[in-house]
Amino acid sequence: MKTIIPSFLIATAISLVLQTNYRLSDGIGVGEIGLALFIIFSIASCFATPARTPALSDHPLPLLALIYLLTVLLPVTALNTYYGTHGAEFRDLFAYLLCAFTTFALATQASKTREIAILTIGITIALVSLQYLFGDNSAWYSQIRFTGGAKNPNQLALYVVCLTLIAAIHITHPLLKSACIGILVFFGIASLSDAYLAYAGITLGILLLTLIIPSRFFMLAAPLAMILAVILGVWFLEDIANMLGKQWSVADEGGSRITLYLNGIRAWLDTPLSFMLGNGAGNFSGIYAPFQGSEAHSTPIDILSVGGLLGFVAIYFFPVKWAIDVYRLDQKLVFACTVGLIGFTLFHFVARHPIFWVTLFFLFQYIKDQQGIARSCVA
């Protein structure tokens, strides 16, 4: 029993980060404090036992992320703060550092990856279920969208998306996996998140393609299927436009979503330096103009305004690479959920959320294990 306690505490901290509606102060809650203590303990253990320090070859995600944050994003943020660029925030840099150091701390506990992953699923589902059954109005947004304790329903949707991928990876019993994913789908729908609906469509579409099309033809057939979908979309354009128009009008809130996208892009293209390296940590879109301290609510656009082209590569290189690796391992459900997660990021800014980076860490560990099994079978 004692051996599971550290994993339980780590998983609890990861789960409690979702409870943004109950933070002790702005940006700091029990979950964030728990992760900070986990990070401090892990760094101290590395000093006490240097052999436990993760190597770059074994854990590229946390180490490269930390190198980027400390050598690129930190000075760019400092420069923009010094020159008074509106929206630049060192607080956001600390959020990125919390995410990177959390994956570093998880790397020191790599042998407990599956244990932490399964406990995270169970604890989060338990917390969200209690909110759904017994929570007050603070568990709901506008009294109709379930948040599970988060300020924004999309934060719950992100957890649902990430935990679905983790469940696809680590829950091996078919009935238990189906039940777990079914519960997560229920909460995803209850959030009424347009980003989640897009994720569900992408994930189901990719899964169907992988099941129908032989793997040796997938790279050719998938683009053809997308072209066919576009042709059908044009053919039934009027009906689809009416349907999507109703959904978009609910999500867009008076046309602000498009405006935020455009102003986020303008903030990215503001100078040659911002084009390459961004404007530093913070929020740089706005309703009326760029640099009004608002998110664009789209990871590609937000990260371009924050980190430029280099930041965009830093965010998407590993998810895209690992999606390809999973496909090559013929893990169809995991591949579809990974592509779905990447698709979800188009409609919600995920880079400051630890659960996104924790999920990528779990995915990488799974790929390493599967590749090791494949090599041993060949040998």
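The values are calculated or read from the model by the stated rules, or taken from the named source; none is laboratory data. Source: prediction; values computed, not measured. FYI the Cβ positions are ideal-geometry reconstructions off the backbone, even for glycines, and counts take in every protein chain you see. Side chains included, ligands, DNA and RNA excluded: accessible areas come from the protein's heavy atoms. Shrake-Rupley method; radii C 1.70, N 1.55, O 1.52, S 1.80 Å.
You will find that of A225, A198, the residue that is outside any strand (DSSP E or B), modelled with pLDDT under 95, open to solvent by 10 Å² or more (accessible area, probe 1.4 Å) and in contact with a Phe, Trp or Tyr (Cβ under 6 Å, 6 or more places away or on another chain) is A198 and no other. Scanning the range 113-141 for residues that are under 21 Å from the mean Cα position of the chain (by Cα) and over 24 Å from I28 (Cβ atoms) yields T113, R114, E115, A117, I118, I121, G122, I125.
Here are L127, L133: which of them is surrounded by fewer than 23 Cβ atoms within 10 Å (Cβ to Cβ) and farther than 17 Å from Y22 by Cα? Show your work before the answer.
Values: L127 fails: farther than 17 Å from Y22 by Cα.
Matching residue, one of L127, L133: L133.
Name the residues in the range 96-113 that are in a helix (DSSP H, G or I), crowded, with 17+ Cβ neighbours inside 10 Å and not β-branched (V, I, T), would you? Hits for the range 96-113 are Y96, L97, L98, C99, A100, F101, F104, A105, L106, A107, K112.
Can you find, within the range 262-280, the residue that is least open to solvent (accessible area, probe 1.4 Å) among those that are part of a loop (DSSP other than H, G, I, E, B) and without any contact (Cβ under 8 Å) to a residue 40 or more places away in the chain?
Going through the range 262-280, the residues part of a loop (DSSP other than H, G, I, E, B) turn out to be 269-271, 278-280.
Now restrict to residues that are without any contact (Cβ under 8 Å) to a residue 40 or more places away in the chain: 269-271.
Numbers: L269: 94, D270: 89, T271: 54 Å².
Per the stated criteria, the residue is T271.
If you scan the range 292-314, which residues turn out to be at positive phi and at pLDDT 95 or above?
Residue satisfying the conditions is G308 alone.
So is S129 in contact with a Pro (Cβ under 7 Å, 6 or more places away or on another chain) and polar (S, T, N, Q) or not?
Details: in contact with a Pro (Cβ under 7 Å, 6 or more places away or on another chain): no; polar (S, T, N, Q): yes.
No, not satisfied.
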